[in-house]
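The values are calculated or read from the model by the stated rules, or taken from the named source; none is laboratory data. The shown structure was predicted, so the numbers you read here are calculated from the model rather than taken from an experiment. Note: accessible area is taken over every heavy atom of the protein model, side chains too, but ligands, DNA and RNA are not part of it. Shrake-Rupley method; radii C 1.70, N 1.55, O 1.52, S 1.80 Å.
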Amino acid sequence: MAVAVRGSRGGGGSGFGGFSLRSFFSYRIFVSAMFSVLFIATLSVLFTTNPSTPHHDSALPTTGNAYMRRTFLALNSDPLKTRLDLIYKQANDHVTLVNAYAAYARKLKLEISRQMRMFDDLASNFSDLQMKPSYRSALFESDGPLDEDVLRHFEKEIKDKVKVARLMIAESKENYDNQLKIQKLKDTIFAVNELLIKAKKNGAFASSIAAKSIPKSLHCLAMRLVEERISHPEKYKEEEPSPEFEDPSLYHYAIFSDNVIAVSVVIRSVVNNSDEPWKHVFHVVTDRMNLAPMKVWFKMRPVERGAYVEVKAVEDFTFLNSSYVPVLRQLESAKLQKFYFENRAENATTDTHNMKYRNPKYLSMLNHLRFYLPEMYPKLHKILFLDDDVVVQKDLTGLWKIDLDGKVNGAVETCFGSFHRYGQYLNFSHPLIRERFNPRACAWAYGMNIFDLDAWRQEKCTEQYHYWQNLNEDRTLWKLGTLPPGLISFYSTTKSLDKSWHVLGLGYNPSISMDEIRNAAVIHYNGNMKPWLDIAMNQYKKLWTYYLDNDMEFVQMCNFGL
């Protein structure tokens with residue numbers, strides 16, 4: 001039995017090896033048969049399927065089953081058909097690219113542009129080329145071999161169109177490339193900013209001309225008043241000065257101006273808001289040209305409620321001559337006259353920052369008279385200086401009762417943050433300025449200033465003004481104007497007043513609070529937009545016209561307040 005078992009194992013082992021070899025060959029035959037069946041099935045599908053839709057993403061035409069069959073056969077037999085297929089694909093790719101750029105152009109609303117028309121024409125040319133009868137019959141609808149000459153001509157035309165498409169796309173790419181668009185936008189912003197700067201300069205120059213020129217209505221008024229003086233000389237004889245003009249117990253005002261209507265508004269606003277108008281004395285100083293109109297006005301329209309008005313010309317103060325006054329002496333300089341009196345519009349528009357300082361009015365004695373108040377009115381102890389572009393809304397007698405603590409000048413400070421400090425008005429690169437003054441010191445406003453004339457005489461402020469004005473003949477310490485020398489002359493002798501006494505900016509700032517204006521004792525139209533000009537801001541103008549003497553016949557004739 002043991003032998004039988006071993007024999008059985010040996011026979012079994014030999015039989016198993018034979019069975020495995022036969023199974024292996026049978027498996028390979030089975031796999032080969034399956035692949036053959038799959039290959040035959042694939043061929044059957046390719047030759048029997050009839051596609052119903054062409055290439056929908058192409059503008060080129062297809063012929064359905066014929067095109068699919070030709071593509072398959074070209075891979076196996078005809079190299080020309082392979083070449084045609086590559087040409088077709090290249091053309092189709094460029095048509096797609098052209099259509100994409102055309103769609104973007106439409107999105108950017110460039111339908112009427114040259115690029116838009118070129119894109120549309122190029123896409124049509126690709127399609128029209130396929131539709132040519134000679135190419136269509138010989139290349140796309142033929143089931144036989146392709147004509148190599150026809151294919152060569154077709155390829156040449158396609159390549160020409162592709163070349164044109166590439167050139168046009170390269171030319172148009174800057175319109176669609178983000179980086180190029182960003183750079184182009186930056187260049188545009190820079191160019192627009194240059195135009196804006198130029199427009200601002202021209203606007204500032206035009207505004208300056210409008211502000212400094214004499215308006216027609218004001219000229220008309222002055223001429224009417226002079227005509228009245230000439231026509232009726234007996235009415236306007238010189239009168240003896242009133243003793244009240246030198247009475248230090250009264251409230252005295254100094255107004256220096258060549259503008260008749262402006263002075264009238266200032267005085268009317270003071271008188272109308274004062275509790276005791278008969279105690280107020282107004283000292284008006286003008287130039288020789290406007291002396292007669294100013295006197296005729298106040299003769300025809302006497303100040304109401306008992307107030308006093310004295311009208312004089314600068315020339316009446318004989319001590320104001322070039323041997324004593326630095327500004328008058330500097331005016332005799334040919335170099336200074338050339339700088340300030342040569343009318344060159346191109347210089348003004350290219351140097352708008354300093355344009356306003358080139359106006360000769362900053363050398364006018366009417367502006368610099370404020371530095372000679374103690375000598376002009378030697379018997380007075382205090383005087384209130386008012387600009388001609390202010391309107392008074394409250395009684396001002398309280399200013400005479402303020403204790404100035406021995407200071408010369410009582411004024412409202414104008415600094416906030418880093419603005420309107422000494423560093424903004426004076427040249428601190430100059431050693432004399434740098435050694436004597438603090439650039440952070442707070443500036444103050446001219447326009448409503450209460451001056452203690454006794455303290456002024458004691459501090460010798462006029463001598464200080466002369467000293468610094470002589471040093472500034474070459475304009476290296478400050479530009480022209482009266483505020484910088486005022487800041488210097490009254491550097492340590494100015495008393496700060498409450499801001500409600502004096503609100504500024506109505507001639508340039510449209511954002512001043514109406515509550516702040518209503519609470520102010522004096523509102524100041526400093527800036528170019530004076531209330532008697534057409535360029536005045538409407539929201540503030542009515543505050544000035546309220547005190548305009550509309551009943552005066554010459555005011556009506558000259559169209560003031562319209």
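Below are the figures for this structure:
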item	result
Diffusion coefficient, µm² s⁻¹, Stokes-Einstein with Kirkwood Rh over alpha-carbon pairs of the range 381-421 at 4 °C and 1.567 mPa s	101 µm²/s
Solvent-free Debye scattering, log10 I(q)/I(0), computed from the Cα coordinates of the range 225-296 at q = 0.20, 0.21, 0.22 Å⁻¹	-1.00, -1.06, -1.12
Probe 1.4 Å, accessible area per residue of the range 394-536, Å²	44 Å²
Pairs beyond 32 Å (Cα-Cα), from Lys499/Lys541; Lys295/Lys530; Lys312/Lys542; Lys495/Lys530; Lys279/Lys541	none
Pairs of alpha carbons in the range 193-335 whose separation is greater than 18 Å (percent)	68 percent
